[in-house]
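Here's the structure, in structure tokens; my notes come after.
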Amino acid sequence: MPDPFKTLSQPPRYNLNEADLHAKFILASSSTHPDRYTDPVEQAQAAERSAEINHAYAVLSDPERRADALLVLLGGPAKDQDKSLPPSLLMDMMETREQLEEAIAQENLTALDKLRAWAHEQRETHLKTIADLFADTQGGLPADTAKAIRLELNALRYIQRMLDQMPG
């Protein structure tokens, strides 16, 4: 897929103006909508462009996907190239998953709410760290910063997966 930042005329940075992003998405979507064309070839081309615009907006409007795309764009490792994790994350996640399974089995809504709050807090902490790391990359992306961003993104995926799998 093409560079989502270029597709929606956004600067290649982590912190984006959401209102500007949305406005550029609406403008691009409306100008390339396939219904605007009668010629089948033009309609097909417009459908491809619309899919590209929709994909770019989906990536840039999600902080995790935006960070992942920006990291790769700046020459950092893709998620399939570096699966490293913070040293204690796996043990912490195993313990938290056990607590989650127990809360689900016992239908303990208070415990589920606490675990959900913990996971949201962890997610926000990782996103803040990622934003801070990208903020320090004005002159380029040093290898150690790229590695640190990938580490945070990999940890964030574990947290997000747990959130996605929580009941309710």
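For region 49-86, residues that are surrounded by 14 or more Cβ atoms within 10 Å (Cβ to Cβ), not β-branched (Val, Ile, Thr) and not in a loop (DSSP other than H, G, I, E, B) total 18. Per the conditions (1) loosely packed, with under 11 Cβ neighbours inside 10 Å; (2) in a loop (DSSP other than H, G, I, E, B), the sole criterion not satisfied by Glu101 is (2). Considering every residue within region 105-121, establish whether at least one is polar (S, T, N, Q) and in contact (Cβ under 8 Å) with a residue 12 or more places away in the chain. Within region 105-121 (the criterion being polar (S, T, N, Q) and in contact (Cβ under 8 Å) with a residue 12 or more places away in the chain), the answer is no, since none of the residues qualifies.
Right, Leu21: out of contact with any Gly (no Cβ under 7 Å at 6 or more places or on another chain), in a helix (DSSP H, G or I), over 19 Å from Arg161 (Cβ atoms) and not polar (S, T, N, Q) or not? The answer is yes for Leu21. In the set Leu133, Leu112, only one residue is assigned to a helix (DSSP H, G or I) and under 28 Å from Pro12 (Cβ atoms); that residue is Leu133. In region 140-154, the count of residues that are under 19 Å from Pro11 (Cα atoms), modelled with pLDDT under 95, loosely packed, with under 15 Cβ neighbours inside 10 Å and in contact with a helix residue (DSSP H, G or I) (Cβ under 7 Å, 6 or more places away or on another chain) is zero.
In a helix (DSSP H, G or I), closer than 27 Å to Val72 by Cβ and not hydroxyl-bearing (Ser, Thr, Tyr): is that true of Met162 in this structure? Taking the combined requirement at face value, the residue satisfies it.
For region 28-40, the condition holds for no residue, the condition being that it is aromatic (Phe, Trp, Tyr) and either closer than 11 Å to Leu60 by Cα or at pLDDT 95 or above (or both).
Might you let me know whether region 137-146 holds any residue that is in a helix (DSSP H, G or I) and either farther than 20 Å from Ala78 by Cα or in contact with a Leu (Cβ under 7 Å, 6 or more places away or on another chain) (or both)? Yes.
The values are calculated or read from the model by the stated rules, or taken from the named source; none is laboratory data. What you are looking at is a predicted structure, and each value in this text was computed from that prediction instead of being measured. Methodologically, a virtual Cβ is constructed for each residue, glycine included, from the backbone with ideal geometry; neighbour enumeration extends over all protein chains shown.
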